[in-house]
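Before any comments, here is the structure.
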Amino acid sequence: MTATSLAFRRPPGPSQPVPLGIDAETLDTLLALRAEYGDTVSMVRPNGRLAYFINEPADVRRILVKRHSRYIKGPGFERVKMLLGNGLIVSDGDVWRRSRTMIQPAFSRQKVHQLLRVMVQCADKLATRWAAAIAAGQMINITEETSEFALDLILISIFGDDYDATIMAGGDNPFAFLSRDSTRDLGVVLKVRKLREMLLAIIESRRSRGGDETFDFLAMYMAATDKDGSHFNDKDLLDELMTLIVAGFETSANTLNWVWYLVAGHPEVEARLLDEAASSMPGVDAVTHENATAMTYTQQVLEEALRLYPPVWLFTRRSRDVDEVTDYDVPPGTDIYLSPYILHRTETLWPDPDRFDPDRFALVDGKPKKDLPYFPFSLGPRRCLGEYFSFLEMKVHIGLLLPRFRMALVDDADPELELGINLRAARDIMLRPSLRD
Ligand code: HEM
C-alpha cells in the first residue's frame, strides 16, 4: 500500500460489487445499504468503479453547491442523451456554462410572467373538458390530464403560434410519447429524429420571416448570444429545445398528478387551499404573479408533494478531482449517488416522513424556512432553471381548477411507484369529479 492509499478515508460499505441503475431495484439496494452502513456508503460497481451513496444533507449541499466544479454528471445520464443530445441537462464544463449563460435570461421572473396567459389558457382547456366529463358521468384520468396540461403549456410557451400551425397540424400531439418512459422505447431514435426535423422546419421558417414580434422561448433561444456575440447553431438549438420539453413537462405533470391525489385524500388541506384560492385567485382576471406569490399555502402544498414524490428522485455526479466530504475522501472518478426521495423520507430529518403535512413548510416570521434537508430541484449552479416557471404554472392550475372541481378518490390503496428517470405513479390515477356549487 502506498502512503496515499493508507491515508484515504473510505466510507463503510459492502465488499461485493453492487449493481446500480436508476430503477426500483436501486432504491431497494440503497435503502438496504443505508440501513446497514449509515448515511455515507462506499461500494464498487460491477464495472470496477468506486461509487458513494451520500445521504448527509451537508455533504449533498457541499457537492452540489460549493464544490460543484469538481464534479461532472454521472451514470444514468447516458440514457437521456439520445433524447437530449448535448443540451443543458447532460452537458458539462464550458459547453454547459456557455449554454446556461445564454439561456438563463429567458427564465427571469419578468419573462416567465409573460407566459401567465398561456397558463390560464391551458387550465381553461381542462376545465372545459372536465365539465363535459361530469355531464357525461365520466371519471377523470388525472394522470393523463395533468400530463396533457403540462405538455401543452411547455409547447405553447416554446413555440407560440407554431404550436397549432405546425406541431398539432396532424391532429395528434407528436410529443405525447415522451410521457411514457421513452428512454426504454427502441423506436425512440426514429421518433426523435422526426421531431427534430419538424422543429428545424419551424426554426427555418422563423428565420425566413425575419425577426417577428413573437414572444416565446424559441424566439428567446434564437436571439440568445454568447460573450462573443455568436448564436446557437442548429444542432445546439435543437438539443436545447428537446431539453426544455423533456425537462419542463413530465416533472410538473407528475407533481400535479400527486397534488390532486393527495388533496383528494386530505379534506383539511383542500379546505385551506380553497380559502386561499378564493382570496388570492378568484377567477381568471385575478391571475397575476403578485396573486400567485400571495398563495403561500398552495406553495407549501406543492413543496410537500415534491418532498414525498420528487420527480427527479435519484441523480448522479462523477468526481473529476479529488474532494472530501465531512468524514471521508472522494478520489477522482468516483460515482456519487444522491437521492432526494431517500433524503426527504429520512426519519431523523423529517419526523413521520411518510405523512403528508404541508405545515412542514409553514413560513417562519413570514419567510420560508432556510436550508431544509430538501432538494427536489437540485441545488447550486446547476439547480433547475424552470423552478419558478413550474411553481407558477402549478399555482395557476390549482388556483383555477380546484375551486371549480371537487375530485374524490376512487381507490383507497396508495398508488405504487414507478421509478425510472422520473418518479411517477405506476398506474394512472382515476378520480371522480363533481362541480362545486
Ligand atoms: C416540479 C417541476 C420540476 C422539478 C422537480 C425539476 C427538477 C430538476 C432537477 C432535479 C434538475 C437538476 C438535475 C441534475 O442536475 O442532475 C433540473 C434541471 C433542469 N430543469 Fe428542472 N424541474 C422541474 C421543472 C422544470 C421546468 C418546468 C423546466 C423548464 C421550463 C425545467 C428546466 C430544467 C433545465 C433546463 C435544467 C438543467 C439546468 C442545468 O443543468 O443547468 N425544469 N430540474
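Of note:
- When only alpha carbons are used to place a centre, the range 1-68 and the range 386-410 end up 38 Å from one another.
- Membrane-span-like helices in the chain, defined here as complete DSSP H runs extending at least 30 Å along the helix axis by their C-alpha atoms with mean Kyte-Doolittle hydropathy no lower than 0.0, are 188-209, 234-264; this is a sequence and geometry rule, not a statement about a membrane.
- Spin-label proximity, Leu435 to the range 265-294 - amide N less than 18 Å from point 7 Å beyond Cα toward beta carbon: 283-284
- Look at the alpha carbon pairs under 8 Å that are at least 6 residues apart: their mean separation over the length of the range 1-155 gives a relative contact order of 13 percent.
- For the range 191-226 versus the range 97-147, the gap between their alpha-carbon centres in whole angstrom: 21
- Label-to-label distance for Gln104 and Ala176 is 3.9 nm, based on points extended 7 Å past Cα in the beta-carbon direction.
- The simple Förster model, with R0 at 25 Å and r as the Cβ-Cβ distance, assigns Ala58 and Ala294 a FRET efficiency of 0.15.
- All C-alpha to C-alpha distances of the range 163-317, sorted into 5 Å bins beginning at zero, yield P(r) values of 1, 7, 12, 14, 14, 13, 14, 13, 8, 3, 1, 0 percent in whole numbers.
- Each principal axis of the Cα cloud of the range 103-222 was evaluated for its coordinate range; sorted largest first, these ranges are 49, 39, 26 Å.
- Extending 7 Å from Cα along the Cβ direction at Leu116 and again at Asp352 yields two label points whose distance is 3.7 nm.
- Computed Rg/Rh of the range 310-437, alpha carbon atoms with Kirkwood Rh: 1.03
- As a ratio to 2.2 N^0.38 Å, the alpha-carbon radius of gyration computed for the chain takes the value 1.01.
- With N counted as the residues of the range 240-315, its alpha-carbon radius of gyration over 2.2 N^0.38 Å works out to 1.25.
- Restricting the range 361-433 to GluC sites (Glu not before Pro) that sit in a DSSP loop and have at most 13 other Cβ atoms within 10 Å of their own Cβ leaves Glu416.
- Proximity of backbone amide H atoms, modeled 1.01 Å from N, is registered between Gly13 and Ser42 at under 5 Å, excluding neighbours fewer than 5 places apart on the same chain.
- Legend: residue pairs Lys370/Lys395; Lys125/Lys395; Lys73/Lys191; Lys66/Lys369, Cα-Cα distance threshold 24 Å; pairs beyond threshold, Lys73/Lys191.
- One decimal place: the segment Ser208-Ala165 gains 13.9 nm when fully extended, by the rule 0.36 nm per residue minus the C-alpha distance.
- Spatial offset of the range 330-376 relative to the range 283-312 amounts to 18 Å, using the alpha carbon center of each.
Where a number appears in this text, it was derived from the coordinates with a stated rule and is not lab data. Everything numeric here is computed off the predicted structure, so don't read it as measured data. As a convention, Cβ positions derive from the backbone with ideal geometry for all residues, glycine included, and neighbour counts pool all protein chains shown.
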